[in-house]
Structures are given as structure tokens and as C-alpha cells.
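Written below as C-alpha cells is the structure these notes are about.
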There are 2 protein chains.
Amino acid sequence: MISQAAAHDLRAVLENVWYLDEPEDIATYSYDGFLPEFTPDAVLVPENVEQIASIMKIANEYKFNIIPRGAGTNICGSSVAREGGVIMAFHRMNKILEIDRESMCAVVQPGVVNGDLQKELAKYNLMYPPDPASMYVSTIGGNVSLNAGGPRGVKYGVTRDYLLGLEVVLPSGEIIKTGGKTLKNVSGYDLTRLLCGSEGTLGIFTEITLRLVPLPPAKTTLQAAYGDLDDAATTVTAILAAGMVPTTLELMDRTVLDVISDYGGAQFNPDTEALLLIEVDGDEDLVDAQGERIEALCREKGAMAVDRAQTPEEAEKLWQARRTAFGAVASMRPNCIVEDATVPVKRLPEIIRKVVQLTQKYDLQIAVLAHAGDGNLHPLIMTDLRDKEEMGRVDQMLEELCEAAISMGGTLSGEHGIGIAKARFMGMEFSETALDLMRGIKRVFDPNNILNPGSFL
Amino acid sequence: MISQAAAHDLRAVLENVWYLDEPEDIATYSYDGFLPEFTPDAVLVPENVEQIASIMKIANEYKFNIIPRGAGTNICGSSVAREGGVIMAFHRMNKILEIDRESMCAVVQPGVVNGDLQKELAKYNLMYPPDPASMYVSTIGGNVSLNAGGPRGVKYGVTRDYLLGLEVVLPSGEIIKTGGKTLKNVSGYDLTRLLCGSEGTLGIFTEITLRLVPLPPAKTTLQAAYGDLDDAATTVTAILAAGMVPTTLELMDRTVLDVISDYGGAQFNPDTEALLLIEVDGDEDLVDAQGERIEALCREKGAMAVDRAQTPEEAEKLWQARRTAFGAVASMRPNCIVEDATVPVKRLPEIIRKVVQLTQKYDLQIAVLAHAGDGNLHPLIMTDLRDKEEMGRVDQMLEELCEAAISMGGTLSGEHGIGIAKARFMGMEFSETALDLMRGIKRVFDPNNILNPGSFL
């Protein structure tokens, strides 16, 4: 517990009312999108960079932990008070400070919700490409902290590709600026990208400068149904090999489709073993031409049926299955774990076969979603945390899957983060020497280890 | 000077013949694209990662400096033995190890020349977008070390946007791997991008994994001549504001054009105050449509004439002026300094006016090239290193220009690096706190400070 003296100082900084420690407040902040719960001592809701700097100085003086947290949608447990301390929340710092149409960038506070930014940018015919599934809830601060990806990653990349600059409060309470509003910037070490994906362990973002792109004038959506999962997976690499880069290339397996049907969602041809959902954006002519080529390619690779949306309403209908998928799967059992192992695209069929094999080996219920176009697999493991025996099998399955992904040249996490969920696997991907470098970097930024300790390191 | 014992051990690792210390060898490696000369003790030419690991261990034992160097084309002095030591050269490690068509990536050794990689990739209909002006000479290792940009940056970004993974020999001689072959990877701190642009101060790259894109099937090239420099600059922001992202958006001012004419290159309408060179790539239809829209926009913004290439030969002719520019300008006086201050795109007209003003204020000869589409200015300062008085004025002009760029939200260096050229200006862009973080990171990687010391920190 933090001391009364520390609490007193924090209350003074936060005008009393923004220091929350009632049971119902701290309960709300005791968990995030991952499973375990850790009750924080309090929740701080600062309004500006000066308050945050003051809070960090108090934390250093009294030696308690600060855990920065956006909307808490992360599913790796990177925003809970695992080793005690207080949560810092950002819903009072939710302003879009600037949209610079000519320089194609925006400056925002960390608490701005991704989807709100998108809506505002659309008025200027601009887009911020990263689109995590949580985008209508999750904040830009959290997105940067986790280096969030999303379905559009195939064509547009991830958060780090659109992060230009940061204002950061260091664990010491000092404030620095990194990067700026320019696409090109090679001054000094790239602190901006080092901070991106650092899971709240190196600094607190107080201003974020993002690169924008023109809003694509047109898009087309296709859905292809396959009688064979392998055919769907090989279609993905065939599309890329043909020189086309769709905006999204999503895959759903038979289990997902069955669950959606049972859930009362869309119904599918019973021979369907996998579905691809493909979207292309850009100029109208290009979109039409690529849509046709992709449709032909899907059929050539064995698709039983290809639907192509002619209107936005039809497109929305095709997306319906994908959007329902997670909710439907998550409703099947008390808990659902979303895996995130990622492999080079050409190994996609192989890693999917591995998931199928592990599902049988460990007698589990697993549905497979994938951002297939960038090799980012999302097996959905339906389970029950209270069932120790089953959870043992889940853990073994996760370990074996991560080992398989690494052995294929992949990574533990494509876009969900390490947090406390995968900290134990870090040794698979990194040598002790590489981990020591990371620990050394953490010490440089946070010598007292007060900022989100006990996360992935 | 390194000791005889150290030299003996190095010779043993390098089979004697790849330890070079004849006067003509070390003279060749005593300078790079920047001006000052520092004679190294020797030049090491390793063949593989094991030799490099052994060399680093020897360097730690005998405490001498290692300066990694690609083709030495950098113009910030980041590959010279400023504080003594030996140069490590990579021309024996110049193999393309893998081109993975399906996963859209390549694995190369550091000594592979960028242009050679491009030629090979074209056979697979693939492209590696970063295209520094030095690309037919400079190496991928050097490009990663400097986070090289290039004209295509407007549309495609820079080296860091295409760097997926590294094998690195640390200053300790230990070998680590970072990243991999996946576009998405959020495991641990982003060591890959921290190493990108680190100017040879944190580690030696021995294998580099790069993301590739499909080779665009078509492109079109336009040249627009303006009677007013401001009109040219505002056309740049107007094109971007119209939602178009050309591949390149290059600007040349009157001085550049005069020099090209005097040099015996192309002749220009004497009323021309600025030239824009614009290229669009992509699918054929798109390229045609955007070419037309851009041509109309140029005229609307005051262009006196717009030429559009109908054939590759005509396109090459339009590029001729841009390609001749640097050589022509560099031939005017004994030395030519290429500045690299970069600003948010919308400040481009303002920073160009600043250059014009400083040219008069300090009575210098300066021609302006710019990767205008990303605000990356390249004023070419024609001067004579032997003229101390003039060099004093050059230094003052550089300082004032950098201050102006920073005050506009820009950066000291868009793509050329800091090295020894701009080390003295780092305090303009970074607070002492931020610089301390960088120094701390350097100590974590290189506690004995033996890898390219005396560079930008």
C-alpha cells in the first residue's frame, strides 16, 4: 500500500477529486483485457503534463509503482498493478490538439480514442491507418504503448509506421520531446520508436504526433468460401505473389463459422471449411480492377464461391461474420484467450495446420481467426479459468504454439504485446544477451523501477 | 596506435591478408563523404560473423576503437576514425542470402550494394523502396546504419520502414538477433529500430532482413517550370492536400538550373525560377489519371510550362537535370556541403525563403535542391575549405538554418545523419535529459566505448 503521506501529496496535485480510491473505483481498474486481477491502491486521473511530472516525482520519493493505462483493452496484462501501485488513467487528456492537413499529421493527447480520431480525420479526407479491433474504445496512448496493429496492417503497417513524435514524462518526472512533425528524422537514437511498444515501462506519453494518409476514395470487399483450409491459406500468398497488396486479408476457419451460426449469426454452406474476407482500397478504377483479379485468383485456387459487395451495405454484410466472430466465440465458454503468434506469410498454412494438430493433441476448443495477409494468427482458445486441469493443457498448448512460431522465423506476438501474458516465453525469442540489453535500457529510463514493473522484462 | 600484440591477434583472425595497414590502404579509408580526414591504424575486412565477434573481443581486450563502414558515402562523417582505431569494411560480406517472394522479404549481408539488390529484386517483380542518391554505390549495412532516405520517401518512407530484423555483433563480441521476417512484431523493446540510424555506435550488422513491396507496374514523370519559387513550393502542398501521394516530388531552384546550364547540361527558359520534378507510380490507369490531375494542378498554381514524359526515354530526359544537379554544383567550387535540415511539409516555402535570406546575409553561393514532398531540404553550399574566413560564414549560416528548421517543428537531419557534422547542434533539438538517455543507451550497448566513439554523442 502507498503511504498516507504519498496519498496526501498525490491528492494535492490532483485537486483531491481526481485521486480515486473508493472500492468501486479501484475494482474497475483491477483488470484489463487479459485475465488476472490485481487491485491497485488508487487511480490517478491527471489533466496535464505538469501534473504527471509532479506525480512521477512523488512516486520516486515514496517509491511506489505507476501503471499507465488507456482504455485497458490490451489482452496481455500490461496495464494492471501486478506488483502493486497506482493506475494512471488518461480520460481527461483526450483532446485532438491539431490536424495539419498540409503536413499530413495530427497531434493528440494520449486519451484520444482511435475511432474518434478517425471520425474527425475523415472530415479532412484523411486517415490514420492503424485499426486495432478495439479502435472504437482504445486510446492512441494505449495504441502507441502496445504498438497496435489491426486488419489494415497488410497494406498500411502498424502504429510505429505512423508515429512521428512524442512528448514524454520520464519516470524521473523530467519531460522530453522526441521526433517531430517530419516523416524523415535521423537525429540521434530513435527514442520515438523505442518508446513505441514499450508497454508503459519507459515513459508516459503526453502528446503524440501521428503521420496521416489520404482517405482512399474507394474500396471493394470480397468474401471467398473454401472447402479446404489449405486452399484458403495458399490463396493469401498467391494474391501477394501476384503483386497485389489488399488492405485486409482475413481468414476464418470452420470452427469460427460454426460458432457464428450457432450464435444466430450468418449461416454458411455446410461444406465451407474456411472463409477469406478481402478488402482493397484506393482509386476507384484500381479497386475495380484488383477486385476482379482477386476474385479470379480465389476461384483458380479452389474457392467454392466468391461474393463481391457492390454497395457499402453489401460490404458491411460481408464484414458481419468477421465482426461477430470474436463475440460469438467468446460466448461459448466462460473464458476466451486470443493468441497472437505471428509467422512469415508463406508459413501461414503450416502454422494453421499446427494449431489444428495442437487442438487435437491437447483436446481443446480452438477457433482460428487470422490477419492472414501478414501472417498474424489469432487462435481463439475457448476455456474456463476455474478448470485447473484444462488450463494446464491450455498452457502447454500455448507454449508449443509459440515454439512453433519462433522456429518458423516468427514472433511471440504480432500485435497484442508481451505483458504478463507471455513474459515467461521471452527466452524463446531472445537470447539472455538481448534480454540484458532490454533490462539495461529499462534501467537507463527508470532507475528506481517504478513505471509498470513486472511487465515483460 | 594499436599495439603490435593487438595487430598480431587481428591478423590471426583475418588470415593476415585481410588486415590492411599499408599507407595506400589506410589513406583510402581516412575520409568519407564528409570533409575532415582521420587516418585509421588499419582496415579490417572480415568475411563472417564469427570473425567479427573475435575482432570485437580483441578490441575490448586491447581497448581500441572499431569504426564500421559500408561504402563511405555518408556525408556526416560517421565512418571515419575520429578518435583513432581501425576501420571495419564489409565488401567481402556482400551476398544476398535469400529473397522470399511469398513472405515479401529479403535477407542480405551488410555489404550488399543497394542498387545491386534492386536489380536482383526486379527479376522477381519486387522492390526495396529506399533509394538514397548513393544507391548504386552505398551498401545496405550503411543504409541501415544511417536510416537512409531518398526521393521515394514521400510515398514509401525510409529505411526503418522496411527493416524487419537484424543479426548484430555487439561491442562485447556477443551476437544477438532482433526482429524477424514478420511485418508485425511487438516482442520486447524495439531493438531493431533502435539500431537503425545508430550510425555504427551500438552494434555491427551481419545479417539484415528487409521488407519488400511489389514493383509498381507503371510510372509517369512530369516536370513543371515556375517563374516564382513560392508557386513551386505551394504546388507541393496542394498536390498532397488533394489526396495524391506521388513517389517523388523534387524541387530545384534557379541557382541549380543556372549551374546545370553552365555545366553544359539542359538549358532552361530564362524566366524559370524553380523546377518541380514529379513522379507517380502504381497501376497504369491510376498513374495516367493522377498524372493528368497533377499536371492541371501545376498549371493552376502558376506553372509556366509542364512537360509530361510519354516514354521511359522521355522520363529519363526529365530526370537528367536532377541527376546532373549535384555533380554540376559540386564542380563549381573546391568543396560542396549538402545540408539536410527538414521541416513539416507546409513550412517548405518558409524554410526556402530562409535559405535565400541567409545566402544574402552571409554572402555565400547556395543552390537549393529539395525532396520537397517530405520537407527534406538539401541546400548545396559551394565553398572552399581552405578559406577560413568564408568557412566561418558557412558555419554561422548552418547554425542559423538549423535553428530555423527546429523552430518550425523540424529536425537537424532528415536523412544524412548527425555524425561529426552536426554533433555540435544536437542541443538545439534535444534537451540534456534526452541526450543523457542516449548516452545511457550507448553505455548499455558499449560500456568500453569502443564502437565508433566520438560520433554524434
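Quick one: which residue in A:Val158, A:Val169 is surrounded by 24 or more Cβ atoms within 10 Å (Cβ to Cβ), within 9 Å of another protein chain (Cβ to nearest Cβ), within 28 Å of A:Lys442 (Cα to Cα) and of a type in the set (A, V, I, L, M)?
None of the others qualify; the one that does is A:Val158.
Pairs needed: first member in region A:375-389, within 14 Å of chain B (Cβ to nearest Cβ); second member anywhere, open to solvent by less than 10 Å² (accessible area, probe 1.4 Å) and among the hydroxyl-bearing types (Ser, Thr, Tyr); C-beta distance under 7 Å; at least 6 residues apart or different chains.
These pairs meet every condition: A:Gly375/A:Thr342; A:Gly375/B:Thr182; A:Asn376/A:Thr342; A:Leu377/A:Thr342.
Of the numbered conditions (1) of a type in the set (D, E, K, R); (2) surrounded by 17 or more Cβ atoms within 10 Å (Cβ to Cβ); (3) touching a helix residue (DSSP H, G or I) at 6+ places or on another chain (Cβ under 8 Å), A:Glu295 satisfies every one except a single condition; which is it?
Of everything listed in (1) of a type in the set (D, E, K, R); (2) surrounded by 17 or more Cβ atoms within 10 Å (Cβ to Cβ); (3) touching a helix residue (DSSP H, G or I) at 6+ places or on another chain (Cβ under 8 Å), A:Glu295 misses just condition (3).
Do you know which residues across region A:228-286 are closer than 17 Å to A:Pro349 by Cβ and free of Cβ contacts under 8 Å to residues at least 40 places away in the same chain?
Answer for region A:228-286, where residues must be closer than 17 Å to A:Pro349 by Cβ and free of Cβ contacts under 8 Å to residues at least 40 places away in the same chain: A:Ala241, A:Arg254.
With in a strand (DSSP E or B), of a type in the set (D, E, K, R), assigned by TED's automatic domain parsing to the domain that holds A:Val236 and over 20 Å from the mean Cα position of the chain (by Cα) as the only criterion, which of A:Asp285, A:Asp307, A:Asp363 stands out?
A:Asp307
Scanning for something assigned to a helix (DSSP H, G or I) and either assigned by TED's automatic domain parsing to the domain that holds A:Leu369 or not acidic (Asp, Glu) (or both), does region A:176-190 turn up at least one residue?
No, region A:176-190 has no match at all.
Evaluate the following for A:Arg211: is it open to solvent by 30 Å² or more (accessible area, probe 1.4 Å) and in contact with a Leu (Cβ under 6 Å, 6 or more places away or on another chain)?
yes
Mind listing just one residue for me: the one in region B:423-457 that is surrounded by 24 or more Cβ atoms within 10 Å (Cβ to Cβ) and at pLDDT below 95 and, of those, nearest to A:Leu166 (Cα to Cα)?
It comes out as B:Phe456.
Every residue in region B:242-261 that is surrounded by fewer than 19 Cβ atoms within 10 Å (Cβ to Cβ) and over 20 Å from B:Val356 (Cβ atoms), please.
Hits for region B:242-261 are B:Ala242, B:Gly243, B:Val245.
Sort out which residues of region A:315-344 are touching a residue at least 60 places away in the same chain (Cβ under 8 Å), within 22 Å of A:Lys155 (Cα to Cα), within 19 Å of the chain's Cα centre (by Cα) and assigned to a helix (DSSP H, G or I), and write them in order of number.
A:Arg322
Say whether the condition of being touching a Pro at 6+ places or on another chain (Cβ under 8 Å), over 30 Å from A:Gly427 (Cβ atoms) and within 7 Å of another protein chain (Cβ to nearest Cβ) is met by at least one residue in region B:245-255.
Within region B:245-255, one or more residues are touching a Pro at 6+ places or on another chain (Cβ under 8 Å), over 30 Å from A:Gly427 (Cβ atoms) and within 7 Å of another protein chain (Cβ to nearest Cβ).
Determine whether region A:392-411 contains at least one residue that is among the aliphatic types (A, V, I, L, M) and within 8 Å of chain B (Cβ to nearest Cβ).
no
Which one of these is open to solvent by less than 10 Å² (accessible area, probe 1.4 Å) and not assigned by TED's automatic domain parsing to the domain that holds A:Asp131: A:Gly33, A:Gly85, A:Gly72?
A:Gly85
If you take the residues in region B:203-234 that are more than 12 Å from chain A (Cβ to nearest Cβ) and outside any strand (DSSP E or B), which one is nearest to B:Val112 (Cα to Cα)?
Per the stated criteria, the residue is B:Ala232.
Somewhere in region B:182-202, is a residue among the small types (Gly, Ala, Ser), within 22 Å of A:Thr411 (Cα to Cα), surrounded by fewer than 24 Cβ atoms within 10 Å (Cβ to Cβ) and facing chain A (nearest Cβ under 10 Å)?
no
Please find, among B:Ile294, B:Ile278, the residue that is within 23 Å of B:Ala218 (Cβ to Cβ), in a helix (DSSP H, G or I) and not basic (Lys, Arg).
B:Ile294
Specify which of the listed residues (B:Lys317, B:Lys346) is of a type in the set (D, E, K, R), open to solvent by 70 Å² or more (accessible area, probe 1.4 Å) and more than 14 Å from every other protein chain (Cβ to nearest Cβ).
From the options B:Lys317, B:Lys346, the qualifying one is B:Lys317.
Tell me, yes or no, whether region B:126-136 has at least one residue that is closer than 26 Å to B:Arg11 by Cβ and crowded, with 24+ Cβ neighbours inside 10 Å.
The answer is no; no qualifying residue exists.
The values are calculated or read from the model by the stated rules, or taken from the named source; none is laboratory data. Model, not experiment: these values are computed from the prediction. When we count neighbours, we look across all protein chains shown, and the Cβ atoms used for this are built from the backbone with ideal geometry, even at glycine. Note: areas computed on protein heavy atoms with side chains; ligands, DNA, RNA excluded. Shrake-Rupley method; radii C 1.70, N 1.55, O 1.52, S 1.80 Å.
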